[in-house]
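A.B. asks: To start, I am sharing the structure in question, which I have written as structure tokens.
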Amino acid sequence: MFEKSVAELGRALSAKQVSAGELAKLYLDRIERHKELNAFLDVRPEVTLVQARAADARIARGEATPLTGVPIAHKDIFVTRDFASTASSRMLKGYMSPFDATVVDNLAKAGMVSLGKLNCDEFAMGSSNENSYYGNVLNPWDKTAVPGGSSGGSAAAVAARIAPAATATDTGGSIREPAAFSGVTGIKPTYGRASRWGMIAFASSLDQAGIMTRSAEDAALIFNAMLGFDPKDSTSVDRAGEDYTRDLKRGVKGLRIGVPKEFFGDGLQPDVEKAVREALQEYVRLGVELVDISLPNAALGIPVYYVIAPAECSSNLSRFDGVRYGHRAAQYGDLDDMIKKSRAEGFGPEPRRRILIGAYVLSHGYYDAYYIQAQKVRRIIADEFQQAFRQCDVIAGPVTTSVAFGFGEKAADPVAMYLSDLYTIPGSLAGIPGMSIPCGFGAKNRPVGLQLMANYFEEAKLLGIAHQYQQATDWHRRTPAGI
């Protein structure tokens, strides 16, 4: 049963081949069996089983949605009433929220059953999940390799079949990169599609909720319940609800896929390039036309991102001072000393580094030189995507420069770590939807992801194009050994 997709589980529940309670117990057992992965931070079987019983009652009344009774797990960036919400930080250790994030609430209203909270990089800052206060998440494909970050727990849980789906967030690539490293499907929608209410903020103009599943079809089903206007979020886009499954059966013949030359230059490892180019040729066999395009300033995405994101991070995390929110030091002299010690003890090295960078670029004399200039280049990058979409329907390329790397290989070199997001950050800066789908294996038999990006509000088209590839291949059905 744990090998079934979200769509298949929904049909099995509807046909009463299995109950929500039986499914919940199955996945809770699997979580316990694979606890060495460290994917979950908080599991409360009593809470999960209550939700499962409510789902079974709903099914019995004939009021079920296609997702009622299907288990899901949530990244520990979304606050939840029934599970601790820590952002994988000591700063929020043991924090219990008085409310659920809108994304969590929307999925609960559809009847999904929560399995618990998932490990991630501290405050979603990182590309390897090595920044969690609660320890590394292991990659189910190779436990010596990172699962990617910051949504490493989400990716590992779906890859290991200990959750059929998991929420995630993407600021500069934190859904797509771990999805690629862990061989699962991950998608971030257009900025503003998903509510940020109840997401613990990192960089507010970039943070976006998304989903990790085994297939594009599953992601489309969950998006139907998860996305929508939220008046509590000032950046939420007020648009009519959509059926994100509507393009799943539409073929791709005649579509044009843009291939940016800048995504196939220096730094891209041969094993990744080979898998991505083979995936593009599969699309050609399905009737797609490949179009050469250019995103000339895409490489500036990394420096631009690491000005804007830390600037917003330094502002958002200023609230955690031991007075209003967060960890408070046990020993201190006066108020200033208490705040200094609380923040020094509560934040790990990566949040401290980004807070310092952000405070610097926002300081008097440097604001215009760095922050304003970065915002101008961000606009140029977004405009280049619009020019590209005049030549093609979607854009495709690699997600990362390499397959998953080993623990510690890049930990001592933050710049090398930041370059992991070279191909994902431009789309984040532009605010367009993007996803990663499994497309093969590279060095050491570690997964490779194909990145697909579409124009604003074209998630249904994006999911349909990904689904057609997954109908023609079986990379997304592969399972790690020992799982």
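A.B. asks: What is the calculated FRET efficiency for ARG250 to ARG277, with r their C-beta to C-beta distance and R₀ = 30 Å, to the nearest 0.05?
C.D. replies: Once rounded, the FRET efficiency stands at 0.75.
A.B. asks: Multiplying the sequence separation of ASN297 and TYR360 by 0.36 nm and subtracting their Cα-Cα distance, what value in nm do you get?
C.D. replies: Going from the current span to full extension adds 20.2 nm.
A.B. asks: To continue, here is another question. Which of the aspartates and glutamates could a cross-linker bridge to LYS143, judged by Cα under 12 Å and excluding same-chain residues fewer than eight apart?
C.D. replies: Straight-distance partners of LYS143: GLU36.
A.B. asks: Would you mind giving the average projected area, over all directions, of the Cα convex hull of the chain in nm² with one decimal?
C.D. replies: It is 21.6 nm².
A.B. asks: Can you figure out the FRET efficiency of GLU32 with TYR95, using R₀ = 22 Å and their beta-carbon distance, to the nearest 0.05?
C.D. replies: According to the calculation, E is roughly 0.35.
A.B. asks: So who's got an amide H within less than 5 Å of the one on ASN139, skipping anything under 5 residues away but keeping other chains? H placed 1.01 Å off N, in plane.
C.D. replies: Residues meeting the amide H criterion: ALA145.
A.B. asks: Starting from the amide H of VAL113, placed 1.01 Å from N in the peptide plane, find each other amide H under 5 Å away whose residue is 5 or more places distant or on another chain.
C.D. replies: Long-range HN contacts for VAL113: GLY69, VAL70, ILE72.
A.B. asks: Now for a different question. Around LYS4, under 14 Å between beta carbons, what's the net of Lys plus Arg minus Asp minus Glu among the other residues?
C.D. replies: 0
A.B. asks: While we're looking at this one, here's another question. Between beta-carbons, use under 12 Å as the cut-off and find the net charge around GLN391, counting Lys and Arg +1, Asp and Glu -1.
C.D. replies: Summing Lys and Arg as +1 and Asp and Glu as -1 gives -2.
A.B. asks: Mind scanning LYS35/LYS109; LYS109/LYS249; LYS410/LYS444; LYS117/LYS188; LYS340/LYS410 and naming the pairs with a C-alpha gap bigger than 22 Å?
C.D. replies: LYS35/LYS109; LYS109/LYS249; LYS340/LYS410
A.B. asks: Let me ask something additional. For segment 54-158, count the residues as N, evaluate 2.2 N^0.38 Å, and divide the Cα radius of gyration by that value, please.
C.D. replies: In units of the globular-protein estimate, segment 54-158 measures up at 1.18.
A.B. asks: Here's a follow-up. Would you mind estimating how fast segment 99-191 diffuses translationally, via Stokes-Einstein at 4 °C and 1.567 mPa s with the Kirkwood radius over Cα pairs, in µm²/s?
C.D. replies: 98
A.B. asks: Could I ask something else about it? For the chain, build the charge dipole from Cβ charges (+1 Lys, Arg; -1 Asp, Glu) around the Cα centre, then report which of ASN139, PHE389, SER420 sits farthest towards its positive end.
C.D. replies: The listed residue farthest towards the positive side: ASN139.
A.B. asks: Testing the spin-label approximation: label points 7 Å from Cα along Cα→Cβ at ALA330 and ARG353. State their distance in nm.
C.D. replies: According to this spin-label approximation, the distance is 2.9 nm.
A.B. asks: Given axes a ≥ b ≥ c from the Cα gyration tensor, I'd like to know whether segment 1-64 is rounded (a/c under 1.5), prolate (a/b larger than b/c) or oblate.
C.D. replies: Here segment 1-64 falls in the oblate category.
A.B. asks: For segment 199-350, what is the per residue volume of the convex hull drawn over the alpha-carbon atoms, in cubic angstrom?
C.D. replies: Measuring per residue, one finds 201 Å³ for the Cα hull of segment 199-350.
A.B. asks: Round to a whole number: what % of the accessible area of the chain belongs to carbon and sulfur, probe 1.4 Å?
C.D. replies: Within the chain, the accessible surface is 52 percent carbon and sulfur.
The values are calculated or read from the model by the stated rules, or taken from the named source; none is laboratory data. Given the structure is predicted, the values throughout are model-derived calculations rather than measurements. For neighbour counting, all protein chains shown are included, and Cβ atoms are generated from backbone atoms with ideal geometry for every residue, glycine included. These accessible areas exclude ligands, DNA and RNA; they are computed on the full protein's heavy atoms, side chains included. Shrake-Rupley method; radii C 1.70, N 1.55, O 1.52, S 1.80 Å.
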